[in-house]
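Below is one structure, written out as structure tokens; comments come after it.
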Amino acid sequence: MTAPAAAAEHYLAAHRAFLGNGAGAAPAWLAALRARGIARFGELGFPTTHLEEWRFTSVAPIVATPFALPHGGGTSPAERDLEAFLLPGAGRHRLVFVNGRFAPRLSATAGLPAGVTAMSLAEALVRDPEGVRAHLGTSGADAASAFAALNTAFLADGAYVHVAAGTVVPEPLQILFVATAEPEPVVAHARTLIVAERLAQVAVVESYAGAEGARYLTNAVTEVVAGEGARAEVYRIQRESLGAFHVATTHSRQGRDSVVHVHPVAFGAALARHDLTAVLDGAGSSCLLNGLYLGDGAQHFDHHTVIDHAQPHAESHEYFNGVLDGRSRGVFNGRIIVRPGAQRTDSKQTNNNLLLSEEARADSQPQLEIYADDVKCTHGATLGPIDEKALFYLKSRGLGAAEARALVTYGFGAEILGRMAIPELRAQLDGLVRARLLGGGGSAG
Amino acid sequence: MLEIKGLRASVQGTEILHGVDLTIRAGEVHAIMGPNGSGKSTLAQVLAGHPAYTVTGGTVTYEGKDLLGLAPEERAREGVFLAFQYPVEIKGITNAYFLRSALNAIRKHRGLEELDPIDFIGVLEEKAKAVELGDEMMNRPVNDGFSGGEKKRNEILQMAVLEPRLAILDETDSGLDIDALKTVANAVNRLRRPDNATLIVTHYQRLLNYITPDFVHVLADGRIVKSGGKELAHELEARGYDWLRPEAAAV
Ligand SMILES: Nc1ncnc2c1ncn2[C@@H]1O[C@H](COP(=O)(O)OP(=O)(O)OP(=O)(O)O)[C@@H](O)[C@H]1O
Ligand SMILES: [Mg+2]
């Protein structure tokens with residue numbers, strides 16, 4: 001057997017064990033969903049760099065490691081160890097998952113306003129099976145990605161956020177997926193379903209983190225459904241261990257006049273691949289993908305985005321900035337589809353990469369597929385070292401060379417953070433970005 | 001205040017300035033006019049210390065110091081300010097934050113206490129009003145998405161905040177409508193003091209209707225070919241530059 005085939009067999013065997021382990025008690029529709037997932041994974045197998053979609057990103061290190069589901073969920077972190085991973089700016093209510101399993105003791109959901117459901121998927125399957133069934137796994141993400149299919153195959157738990165029609169959630173909800181250091185490399189199939197019904201409004205902060213240096217795999221899938229006139233903001237803070245692998249799919253589907261904002265900020269992991277798909281399936285809907293990746297050492301970030309304009313009068317704005325130091329690498333692929341009939345589409349895409357070292361590298365590719373004639377689509381990408389014109393401008397105002405460099409570099413991050421609507425969270429991320437880019441406290445901001 | 005002697009400068013191996021002589025004393029306003037490509041911006045950029053230009057000869061003395069021996073940021077801290085012909089965008093950094101950083105760098109150099117954001121906002125609001133830039137412009141990234149006129153007014157705002165000893169305005173009037181022109185002129189006039197000086201690069205006499213220069217110079221082919229009083233600007237407006245070409249002047 002080839003290495004990828006042997007690795008696939010490892011997961012197929014793990015799946016048989018998983019079903020035998022009590023997971024078989026699931027309702028029939030869920031069992032069918034899982035069966036579809038494992039079948040699709042079996043068909044696709046792990047991607048290789050021969051595939052266009054994976055040309056720049058080799059998952060060989062993931063394939064080479066036999067990641068396993070942790071026995072009994074693995075070790076549980078003490079509450080104080082959790083502090084480092086929580087974002088106080090992200091609200092009081094939180095769902096915490098340890099190695100993919102819900103940790104009720106570490107979570108806080110008391111006092112949620114009426115109309116707001118935030119609980120583990122396992123619990124939701126009991127309490128609101130029809131609500132879950134209506135949306136879980138309906139995004140079609142499994143069809144496109146072997147990793148998403150694998151996530152569905154192992155679907156047992158995850159986060160469920162449901163906001164009833166017309167309900168405005170005043171505070172953000174935080175979902176933390178944390179990985180612990182285990183003797184054997186473990187995998188967590190993190191799963192999130194966010195549903196904002198008609199005219200509902202909600203902000204969710206997903207974060208992914210792990211014990212420093214730990215080697216594990218996070219295989220995440222998030223599905224977001226925004227009903228007519230709804231507004232959903234998803235902040236996604238990836239602070240995995242630098243020894244970890246992070247593969248993720250975020251899929252959103254929007255109804256008429258709805259608004260979806262996704263803010264993926266990637267700091268961590270040795271290798272992080274994030275596929276984002278936004279389907280604008282309602283006239284007048286609007287979406288923002290606003291991402292930042294900060295690489296150093298040998299880190300590798302790959303963002304593949306698809307914005308699918310299926311209905312007229314919708315707008316999409318997409319901004320991804322990368323700051324790459326060391327030998328790190330950033331890959332960005334931005335596909336925009338404008339379906340026949342999606343007239344008056346207004347779409348804008350930019351990907352700007354700042355290369356702070358000679359060895360850092362960025363690859364950026366727009367992919368426009370436009371089948372309607374009355375549309376406005378713009379895109380642009382830059383990559384290169386710090387702009388000398390900008391440096392001279394700042395120096396000519398009295399800023400020292402080091403301060404000028406720091407300011408321009410920090411500006412790459414600040415530009416993205418500036419589009420975030422929650423001031424406390426923005427301030428906190430600003431601190432993280434500064435610490436990363438300016439080393440320590442820094443003075444910019 | 002500023003003494004330029006025999007200044008030669010080149011860019012990418014081509015000499016642009018072929019020996020410029022110019023003396024500016026405290027309290028004076030000088031205007032430089034001249035055809036496109038004659039080297040006006042080159043002179044301005046060389047004075048500000050742009051690394052793309054190589055000085056190949058001559059001296060520049062500023063307040064008794066060798067200006068050419070100072071790094072660009074040192075020149076700024078010593079009170080030299082250049083309003084750029086083409087202001088640069090700084091993504092992600094707000095105007096307010098940028099200006100406070102710049103002012104504090106200069107204050108620190110002068111042994112003054114740095115201003116915190118609260119103190120600074122007071123300074124900024126007052127100066128922004130003078131150049132008629134709204135508060136919301138202060139929280140937008142530096143020059144990002146600003147219109148041509150807004151960028152120029154933003155340069156003057158920076159000048160008003162940083163209070164330079166020697167201000168060099170490179171075509172700050174270009175692209176301004178008549179109201180913006182008056183606003184800019186008023187701001188410049190308000191900053192005039194006996195101990196500072198202004199060098200204005202312009203193509204149009206109309207700015208000089210509002211800011212009266214003490215001297216007008218013509219820069220052509222990298223040299224100052226004629227100097228005079230404010231009436232020279234009127235003459236240039238009427239006659240153009242052809243009569244000043246070396247061969248024409250010889251006839
Ligand atoms: N960075 C540069 N690289 C190459 N050539 C340059 C550069 N800067 C200036 N030059 C050249 O030097 C000459 C003088 O340019 P400069 O910008 O100083 O003219 P100017 O008098 O300011 O013109 P304008 O009135 O059009 O602003 C021009 O021929 C220009 O093309
Ligand atoms: Mg010029």
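Given B:Arg107, B:Arg165, B:Arg190, B:Arg153, which one is in contact (Cβ under 8 Å) with a residue 24 or more places away in the chain and more than 14 Å from the chain's Cα centre (by Cα)?
B:Arg190
For segment B:63-87, enumerate the residues that are surrounded by 17 or more Cβ atoms within 10 Å (Cβ to Cβ), more than 9 Å from chain A (Cβ to nearest Cβ) and away from ligand 2 (no atom under 16 Å from the Cβ).
Selection gives B:Leu67, B:Leu68, B:Leu70, B:Glu78, B:Gly79.
Of all residues in segment B:28-70 being among the polar types (S, T, N, Q) and in contact with a strand residue (DSSP E or B) (Cβ under 9 Å, 6 or more places away or on another chain), which is farthest from ligand 1 (Cβ to nearest atom)?
Checking each candidate, the answer is B:Thr61.
Name the single residue, out of those in segment B:25-62 being part of a strand (DSSP E or B), within 16 Å of the chain's Cα centre (by Cα) and of a type outside the set (A, V, I, L, M), that is farthest from ligand 2 (Cβ to nearest atom).
The selected residue is B:Tyr62.
With away from ligand 1 (no atom under 16 Å from the Cβ), modelled with pLDDT of 90 or more and of a type outside the set (A, V, I, L, M) as the only criterion, which of B:Asp135, B:Asp144, B:Asp177 stands out?
Selected residue: B:Asp144, the only one of B:Asp135, B:Asp144, B:Asp177 that is away from ligand 1 (no atom under 16 Å from the Cβ), modelled with pLDDT of 90 or more and of a type outside the set (A, V, I, L, M).
In this structure, is B:Ala233 within 16 Å of ligand 1 (Cβ to nearest atom) and in a helix (DSSP H, G or I)? Please lay out each step first, then the result.
Values: within 16 Å of ligand 1 (Cβ to nearest atom): yes; in a helix (DSSP H, G or I): yes.
Considered against the rule, which asks whether it is within 16 Å of ligand 1 (Cβ to nearest atom) and in a helix (DSSP H, G or I), B:Ala233 comes out as yes.
Just checking, how many residues over segment B:175-203 are surrounded by fewer than 16 Cβ atoms within 10 Å (Cβ to Cβ) and within 16 Å of ligand 2 (Cβ to nearest atom)?
In the first step, residues of segment B:175-203 are kept if they are surrounded by fewer than 16 Cβ atoms within 10 Å (Cβ to Cβ); the result is B:175, B:177-179, B:182, B:189-190, B:192-195.
Now narrow it down to the ones that are within 16 Å of ligand 2 (Cβ to nearest atom): B:175.
Counting residues in segment B:175-203 that are surrounded by fewer than 16 Cβ atoms within 10 Å (Cβ to Cβ) and within 16 Å of ligand 2 (Cβ to nearest atom) gives 1.
Taking only pairs six or more apart or across chains, which ones have beta-carbon atoms under 6 Å, a first residue in segment A:328-357 that is within 19 Å of A:Asp275 (Cβ to Cβ), and a second residue that is part of a strand (DSSP E or B) and among the charged types (D, E, K, R)?
Correct list of pairs: A:Arg329/A:Arg361; A:Val331/A:Asp302; A:Val331/A:Asp363; A:Ile337/A:Asp308; A:Ile337/A:Glu369; A:Gln349/A:Glu318.
Mind checking whether some residue in segment B:210-230 is outside any strand (DSSP E or B), closer than 24 Å to B:Glu126 by Cα and more than 16 Å from ligand 2 (Cβ to nearest atom)? It would help to see each step written out before you state the result.
First, pick out the residues of segment B:210-230 that are outside any strand (DSSP E or B): B:210-214, B:221-222, B:229-230.
Restricting the remaining residues to those that are closer than 24 Å to B:Glu126 by Cα gives B:210-211.
Next, from what is left, pick out any that are more than 16 Å from ligand 2 (Cβ to nearest atom): B:210-211.
Looking for residues that are outside any strand (DSSP E or B), closer than 24 Å to B:Glu126 by Cα and more than 16 Å from ligand 2 (Cβ to nearest atom), one finds at least one in segment B:210-230, hence yes.
Tally time: how many residues in segment A:86-111 are surrounded by fewer than 20 Cβ atoms within 10 Å (Cβ to Cβ), touching a residue at least 60 places away in the same chain (Cβ under 8 Å) and hydrophobic (A, V, I, L, M, F, W, C)?
Result for segment A:86-111: 1.
Restricting to segment B:93-102, count the residues that are at the interface with chain A (Cβ under 7 Å from one of its Cβ atoms) and under 19 Å from the mean Cα position of the chain (by Cα).
1
Provide a single number: the residues in segment A:398-409 that are at the interface with another protein chain (Cβ under 7 Å from one of its Cβ atoms) and closer than 14 Å to B:Val142 by Cα.
Counting residues in segment A:398-409 that are at the interface with another protein chain (Cβ under 7 Å from one of its Cβ atoms) and closer than 14 Å to B:Val142 by Cα gives 2.
Can you pull out every residue in segment A:341-371 that is within 20 Å of the chain's Cα centre (by Cα) and within 14 Å of another protein chain (Cβ to nearest Cβ)?
A:Thr350, A:Asn351, A:Asn352, A:Asn353
Looking at A:Ala3, A:Ala64, A:Ala7 in this structure, which one is under 24 Å from the mean Cα position of the chain (by Cα) and in contact (Cβ under 8 Å) with a residue 40 or more places away in the chain?
On the way: A:Ala3 fails: under 24 Å from the mean Cα position of the chain (by Cα); A:Ala7 fails: under 24 Å from the mean Cα position of the chain (by Cα).
Testing whether each residue is under 24 Å from the mean Cα position of the chain (by Cα) and in contact (Cβ under 8 Å) with a residue 40 or more places away in the chain leaves just A:Ala64.
Whether any residue in segment A:380-391 is at pLDDT 95 or above, surrounded by fewer than 20 Cβ atoms within 10 Å (Cβ to Cβ) and in contact with a Gly (Cβ under 9 Å, 6 or more places away or on another chain) is what I want to check.
yes
Would you confirm, using the coordinates I've provided, whether B:Val20 is away from ligand 2 (no atom under 13 Å from the Cβ), at pLDDT 95 or above, closer than 21 Å to B:Pro213 by Cα and not basic (Lys, Arg)? Let's see the steps before the verdict.
On the way: away from ligand 2 (no atom under 13 Å from the Cβ): yes; at pLDDT 95 or above: yes; closer than 21 Å to B:Pro213 by Cα: yes; not basic (Lys, Arg): yes.
Against the criterion (away from ligand 2 (no atom under 13 Å from the Cβ), at pLDDT 95 or above, closer than 21 Å to B:Pro213 by Cα and not basic (Lys, Arg)), B:Val20 qualifies.
For segment A:127-145, enumerate the residues that are buried (at least 21 other Cβ atoms within 10 Å of the Cβ) and over 16 Å from the mean Cα position of the chain (by Cα). Walk me through it before giving the result.
In the first step, residues of segment A:127-145 are kept if they are buried (at least 21 other Cβ atoms within 10 Å of the Cβ); the result is A:132, A:136-137, A:139, A:141-142, A:145.
Answer for segment A:127-145, where residues must be buried (at least 21 other Cβ atoms within 10 Å of the Cβ) and over 16 Å from the mean Cα position of the chain (by Cα): A:Val132, A:Leu136, A:Gly137.
Going by what's in this entry, would B:Asp221 be described as away from ligand 1 (no atom under 16 Å from the Cβ) and either over 27 Å from B:Met159 (Cβ atoms) or surrounded by fewer than 16 Cβ atoms within 10 Å (Cβ to Cβ) (or both)? Write out each step before concluding.
Details: away from ligand 1 (no atom under 16 Å from the Cβ): no; either over 27 Å from B:Met159 (Cβ atoms) or surrounded by fewer than 16 Cβ atoms within 10 Å (Cβ to Cβ) (or both): yes.
Taking the combined requirement at face value, the residue does not satisfy it.
Between B:Ile106, B:Ile90, which is at the interface with chain A (Cβ under 8 Å from one of its Cβ atoms), among the aliphatic types (A, V, I, L, M) and part of a loop (DSSP other than H, G, I, E, B)?
Details: B:Ile106 fails: part of a loop (DSSP other than H, G, I, E, B).
Result of the check over B:Ile106, B:Ile90: B:Ile90.
Inspect segment A:411-434 for any residue being part of a loop (DSSP other than H, G, I, E, B), over 15 Å from A:Asn321 (Cβ atoms) and either more than 7 Å from chain B (Cβ to nearest Cβ) or of a type in the set (Val, Ile, Thr) (or both) and give the result as yes or no.
For segment A:411-434, residues part of a loop (DSSP other than H, G, I, E, B), over 15 Å from A:Asn321 (Cβ atoms) and either more than 7 Å from chain B (Cβ to nearest Cβ) or of a type in the set (Val, Ile, Thr) (or both): present.
Report every pair of residues separated by at least 6 positions or lying on different chains whose Cβ atoms are under 9 Å apart, first residue within segment B:32-48 and at positive phi, second within 6 Å of ligand 1 (Cβ to nearest atom) and among the hydrophobic types (A, V, I, L, M, F, W, C).
B:Gly37/B:Ile16; B:Gly39/B:Ile16
Read through the list (1) modelled with pLDDT of 95 or more; (2) touching a strand residue (DSSP E or B) at 6+ places or on another chain (Cβ under 6 Å), then give the number of the only condition that A:Pro70 fails.
All conditions are met except number (1).
Pick out the one residue from B:Gly92, B:Gly79 that is under 30 Å from B:Leu22 (Cβ atoms), among the small types (Gly, Ala, Ser) and touching a strand residue (DSSP E or B) at 6+ places or on another chain (Cβ under 7 Å). If you could, list the steps in order and put the result at the bottom.
Working: B:Gly92 fails: under 30 Å from B:Leu22 (Cβ atoms).
None of the other options fit; the residue is B:Gly79.
Going by the structure shown, is B:Ala76 within 21 Å of B:Thr42 (Cα to Cα) and in a helix (DSSP H, G or I)?
yes
Out of B:Leu115, B:Leu133, B:Leu176, report the one residue that is over 13 Å from the mean Cα position of the chain (by Cα), free of Cβ contacts under 8 Å to residues at least 24 places away in the same chain and outside any helix (DSSP H, G or I). Spell out the reasoning first.
Details: B:Leu133 fails: free of Cβ contacts under 8 Å to residues at least 24 places away in the same chain; B:Leu176 fails: free of Cβ contacts under 8 Å to residues at least 24 places away in the same chain.
From the options B:Leu115, B:Leu133, B:Leu176, the qualifying one is B:Leu115.
Residues of segment B:155-172 being part of a loop (DSSP other than H, G, I, E, B) and either under 17 Å from B:Leu115 (Cα atoms) or among the hydroxyl-bearing types (Ser, Thr, Tyr) (or both), which ones?
B:Glu163, B:Thr172 - these are the residues of segment B:155-172 that are part of a loop (DSSP other than H, G, I, E, B) and either under 17 Å from B:Leu115 (Cα atoms) or among the hydroxyl-bearing types (Ser, Thr, Tyr) (or both).
Which one of these is closer than 18 Å to B:Phe84 by Cβ and at pLDDT 90 or above: B:Ile200, B:Ile224? I'd like the intermediate steps shown before the answer.
Values: B:Ile224 fails: closer than 18 Å to B:Phe84 by Cβ.
Going through B:Ile200, B:Ile224 in turn, the sole match is B:Ile200.
The values are calculated or read from the model by the stated rules, or taken from the named source; none is laboratory data. Computed from a predicted structure; not experimentally measured. Cβ atoms come from the backbone with ideal geometry, glycine included; neighbour counts cover every protein chain shown.
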